[in-house]
Amino acid sequence: MNQESQRAKLPAKGLPIEEIDRHLDTIAVDKVHGHWWRAFRGEDDVQEVGYKTFNRFISDNGILSLSAGYMNDIRQELVDMCVGLMNPDTTSTGSVTSGGSESVYSALHAMREWAKDNRPEVKEPTVVAPANAHPSFSKGCHYFGLHMLRVPLGPDYRVDLDAMRAAITADTVCLVGSAPNWYQAFIDPIEDIAAMAVEHGAWMHVDACVGGYMLPFLEKLGHPVPLWDFRVPGVQSISADLHKLGYCPKPCSTILWRDEAFLDYHNILVTDVSGGSYRTEGFLGSRPAGSYFAAWAVLKYLGESGYLNMTRKLVANVEKLTHGINALEGLEVWPGDVPTPLSFSSEVAPIDLVMGGMTKRYSWMMLGVDQPPRIVLPVDVAANDAVIEPYLADLGKVVDGVLSGKITDSVPLRYG
Ligand SMILES: Cc1ncc(COP(=O)(O)O)c(C=O)c1O
């Protein structure tokens, strides 16, 4: 925290926009070196559709997304297109949120309300989740007074199903699986976990924030994809981010519900205020309607054929990167179940030093994880040769520098 004397002050007089822009020009990271921090993004034309539409509706207030005719129509059409990709029941539907974290919170909150109705005997409502499920599950449990029980991973970094079964108690109201998780890009055995949820009368949530808008197209292209969506009995909700591999502008995600009845747990009607009744979509009040319109426009612009094309190109980008990384001494790409996020480790070059060299010497913005130590690349369709070639060239120099002892600056391996 800044001391009083260092605290920035509101300028006495407004600055010319040129001066503001000049300052921002000095701090903004260029398109190539900032790529991994800006992912996931579509190709230029798709970004253009998203940004143009977002800006057009940026001042329209999404607080009215359930009530204003034109906005509600767009929201409903967007939700219909999204849930339609998840092999839904006839009564399935969805809600739009600001991101994966909010979608996870929405699932936990609705589940807690459902459990009050359906599991009234439970004293300490407990969520059982694999150790590598996203941190937003722990945050959400904290916010909603739920108990979080993390299940250890096996030696292969996949969830230990026996440990999960052993963790279930009379208080377990929710089981979680990821499709895939961020840390290892593995798809949890959703069918096994959901079967346990059904057996114990628990809610099953699938976190497909990364996979939700990639897996349907990978499957159509013939890649092996285990069942993870509403085809699996017991799956009650799915979080899926439009602002990741849906290639829509941030902030935008969806929470998909097996049954529209769950909307009553999510969209709270407030009637105890003198000004009149109040009902908005989910947690937020005012929000830019731009995200709803931009997502709708991107989905319409791409259509199924556009997503299939982008998925093909994404797979090609990942193959090129994988080949280039594996060719560097001591580096090894981690074997995920999905093409992205792609991560790599090294037995010989400490990965925190590789990260240090890439960020401090060559100004790449990157993310890391530490169990085991790896650099994580959220590869998207926009990670084309303009990004891959300079990245691999700098990575090669850094690995040489680390192995020869010339690069010794480490940075923490961290995601968030
Ligand atoms: C598997 C998974 N779930 C949830 C989230 C949270 O998404 P967001 O950062 O949009 O809140 C992420 C983010 O990367 C994720 O990878």
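Every number in this text was worked out from the coordinates using simple rules, so none of it is lab data. Everything quoted here is computed from the prediction, not taken from an experiment. Using ideal geometry, Cβ is built from the backbone for each residue, glycine included, and neighbour counts are taken over all protein chains shown.
Worth a mention:
- Cut-off 11 Å (backbone N to label point 7 Å along Cα→Cβ of residue 15), residues of the stretch 22-57: 22-27
- Computed over the alpha-carbon atoms, the stretch 117-209 gives an Rg to Rh ratio of 0.94, Rh here being the Kirkwood radius from the mean inverse distance.
- Cα→Cβ-extended label distance, 7 Å offset, between residue 195 and residue 326, nm: 3.3
- Dimensions of the stretch 159-289 from C-alpha coordinates, computed as largest minus smallest value along each principal axis and given longest first, are 53, 40, 25 Å.
- Label-point separation in nm, residue 166 to residue 263, each point 7 Å along Cα→Cβ: 4.4
- The chain, helix-only ellipticity at 222 nm - DSSP H runs n ≥ 4, -39,500 (n - 2.57), divided by all residues, nearest 500: -12000 deg cm²/dmol
- Report note on the peptides 355-367, 198-210: ranked by the mean count of other C-beta atoms within 10 Å, highest first, their order is 198-210, 355-367.
- 21 Å Cα-Cα reach of residue 300 towards lysines, excluding residues that sit fewer than 8 places from it in its own chain: 52, 220, 244, 250, 313
- Per-residue 3J(HN,Hα) values for the stretch 189-204, derived from phi via the Karplus relation 6.51 cos²θ - 1.76 cosθ + 1.60 with θ = phi - 60°, read x, 4, 5, 5, 5, 5, 5, 5, 4, 4, 4, 9, x, 9, 7, 10 Hz in sequence order (x marks Gly and Pro).
- Calculated on alpha-carbon atoms, Rg and Dmax of the stretch 100-168 in Å: 12.7, 39
- Normalised by 2.2 N^0.38 Å, where N is the number of residues, the C-alpha radius of gyration of the chain stands at 1.03.
- Over all directions, the projected convex hull of the C-alpha atoms in the stretch 1-115 averages 13.5 nm² in area.
- For the chain, share of DSSP beta bridges that run antiparallel, in % to the nearest 5: 55
- Segment residue 312-residue 384, extension gain: residue separation times 0.36 nm, minus the distance between their alpha carbons: 24.7 nm
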